[in-house]
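Chemist: Before anything else, here's the structure in question.
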Amino acid sequence: PPLRPKLELRAHAEAIRALRMRWKALDKLGEGAHGDLWQRFDGALTTAYQPVAAQNAAQQAARQQNLMARQDLLDSLEVLAPPVSDAGMPAAETANGQAAWRELARQLDAFQVAWRQLGPVEHTAPADARQQLRQRLQAALDRIEQPMRQARDRAAAEREQLIQRAQALADGRGLP
């Protein structure tokens, strides 16, 4: 079978749109085309547009699948909860609390890798769902990352105090 040239679908769609506009412009100048002539012309353009329509349908289906995958990821992120102590504060003082924070950080990293693998939201998700996705993502990340930052800051402050105490001991000044 002879090889068919690959269609540049954007240019193809633009050419069809231009032909329709040209028909309408000519129709305004003249006395109007006969209905059967327009139907033949429109039928030919509809047939010529089929590859573009097929590509558009495939893109829409891929975007819907991407949206569903992103929503599943967000569902899994939204069930994650920062570990808290009995006092309701983020837990980090115990070995179990530290292990829980490490596990949360691992899960957050896994989420972010999976999210990035789905591609940029601007190119892979349906346009009408993008803003809602971004808002939902930000809310879920803020809920997890803010307590995580607080726990890291507290742990860093505790380490700094330990370093100062060790320095004081090394200098022979005793405990502060």
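Chemist: Full-extension gain between Q39 and Q71, please, as 0.36 nm times their residue separation minus the C-alpha to C-alpha distance.
Modeler: 7.1 nm
Chemist: Report the trypsin sites (Lys or Arg not before Pro) located in segment 111-176 that are in a DSSP loop and have at most 10 other Cβ atoms inside 10 Å of their Cβ, or state none.
Modeler: Counting only loop positions with at most 10 other Cβ atoms within 10 Å, the trypsin sites (Lys or Arg not before Pro) in segment 111-176 are R173.
Chemist: Among (1) -0.40; (2) -0.68; (3) -0.29, find the value of log10 I(q)/I(0) by the Debye sum over Cα atoms at q = 0.10 Å⁻¹ that was calculated from the structure presented, and write down its label.
Modeler: Read-out taken from this structure: (2).
Chemist: Okay, next question. Would you mind telling me the share, in percent, of accessible area of the chain contributed by carbon and sulfur at probe 1.4 angstrom?
Modeler: Taking all protein chains in place, the chain shows 56 percent carbon and sulfur surface.
Chemist: Fully extended, how many nm does the chain gain between E78 and L169 (0.36 nm per residue separation, minus their Cα-Cα distance)?
Modeler: Value of the extension gain: 28.2 nm.
Chemist: Also, I was wondering about something else. Among W101, I16, A61, which residue has its Cα positioned farthest towards the positive end of the charge dipole of the chain, with +1 placed on the Cβ of Lys and Arg, -1 on the Cβ of Asp and Glu, and the dipole taken about the Cα centre?
Modeler: The residue sitting most towards the positive pole is I16.
Chemist: Separate question: Angle between the Cα long axis of helix 95-117 and the longest principal axis of the chain, 0 to 90 degrees, nearest 10?
Modeler: Taking Cα atoms only, the helix is inclined about 20 degrees.
Chemist: Can you compute the label reach from R10? Point 7 Å from Cα along the Cβ direction, backbone N cut-off under 12 Å, restricted to segment 112-144.
Modeler: none
Chemist: When the expected Rg is taken as 2.2 N^0.38 Å, what fraction or multiple of it is the alpha-carbon Rg of segment 107-176?
Modeler: Relative to the 2.2 N^0.38 Å estimate, segment 107-176 comes out at 1.92.
Chemist: About its Cα centre, what dipole magnitude does the chain give when the only charges are +1 on Lys and Arg Cβ and -1 on Asp and Glu Cβ, stated in debye to the nearest 20?
Modeler: 600
Chemist: Moving on to the next point. Rounded to the nearest 500, what is the chain's calculated 222 nm mean residue ellipticity when only DSSP H runs of at least 4 contribute -39500 (n - 2.57) each, over all residues?
Modeler: -27000 deg cm²/dmol
Chemist: OK, next. If you plug each phi of segment 120-133 into the Karplus form 6.51 cos²θ - 1.76 cosθ + 1.60 with θ = phi - 60°, what whole-Hz ³J(HN,Hα) values come out, in order, with x for Gly and Pro?
Modeler: Each residue of segment 120-133 in turn: x, 4, 4, 10, 10, 10, x, 4, 6, 9, 4, 5, 5, 4 Hz.
Chemist: Please return the longest range in the chain lying between exposed loop sites, taking GluC sites (Glu not before Pro), DSSP loop only, at most 16 other beta-carbon atoms within 10 Å, and leaving the sites out.
Modeler: For GluC sites (Glu not before Pro) (loop position, at most 16 other Cβ atoms within 10 Å), the longest site-free span of the chain is 94-176.
The values are calculated or read from the model by the stated rules, or taken from the named source; none is laboratory data. Remember, it's a predicted structure, so these values are computed and weren't measured experimentally. Because the Cβ atoms are built from the backbone with ideal geometry, glycine has one as well, and the counts that use them run over all protein chains shown. Heads up: the accessible areas ignore ligands, DNA and RNA and are worked out on the full protein's heavy atoms, side chains in. Shrake-Rupley method; radii C 1.70, N 1.55, O 1.52, S 1.80 Å.
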